[in-house]
Amino acid sequence: AAAAAAAAPRSEPADSDRDGVPDSDDDCSNTPRSYAVDSSGCPIPVEEIARVELLVNFDFDRDEVKAEYFNEIEEVADFMAQYPDVVITLEGHTDSRGAEAYNEDLSQRRADAVRAVMIDRFDVGAGRVSARGFGESQPIASNDTAGGR
């Protein structure tokens with residue numbers, strides 16, 4: 001009588017965290033299943049945009065950062081120190097008094113001034129913070145009242 005050899009079931013390589021990468025190739029074990037991973041089983045960084053409001057008010061027609069705002073600026077710098085991959089853009093705005101071109105330049109100077117404080121006073125890398133002036137084109141408050149300006 002001929003003996004029939006039973007075929008051994010084919011086994012898949014172990015993938016303990018079920019991220020699609022075999023344990024033998026997985027450099028990041030226990031990756032949550034919902035994460036996108038690279039060929040090494042490590043999470044693929046996701047670019048995330050977050051908005052943090054840092055409100056620095058300036059005297060009329062001035063671009064000097066007042067010392068009263070240093071603590072708030074330092075909080076942002078401390079956050080950036082904790083997360084070294086974070087880069088930010090500072091936005092400068094003005095009210096609608098004055099010529100549009102002048103206000104655009106003033107808002108840029110103001111954003112640049114806050115950037116300089118972050119770099120010079122709080123050691124944030126210059127490549128991690130940019131500044132952009134919007135002038136009067138994107139008011140952060142109503143220009144109809146003195147309080148909004």
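The values are calculated or read from the model by the stated rules, or taken from the named source; none is laboratory data. Values in this document were obtained by computation on a predicted structure and should not be read as measured data. All Cβ positions, even for glycine, are placed from backbone atoms using ideal geometry, and neighbour counts span all protein chains on display.
Observations
- For segment 32-47, the condition holds for no residue, the condition being that it is assigned by TED's automatic domain parsing to the domain that holds LEU90 and either touching a His at 6+ places or on another chain (Cβ under 6 Å) or at pLDDT 85 or above (or both).
- Filtering segment 27-49 to residues that are small (Gly, Ala, Ser) and more than 14 Å from ASP15 (Cβ to Cβ) leaves SER34, ALA36.
- Test for ARG97: is it assigned by TED's automatic domain parsing to the domain that holds ASN71 and closer than 24 Å to ASP78 by Cα: no
- Index of the failed condition, MET118 passing every other in (1) touching a strand residue (DSSP E or B) at 6+ places or on another chain (Cβ under 6 Å); (2) within 17 Å of GLN138 (Cβ to Cβ): (2)
- Of VAL76, VAL117, VAL65, VAL21, all but one fail to be in the same structural domain as PHE134 (by TED's automatic domain parsing) and not in a helix (DSSP H, G or I); the exception is VAL65.
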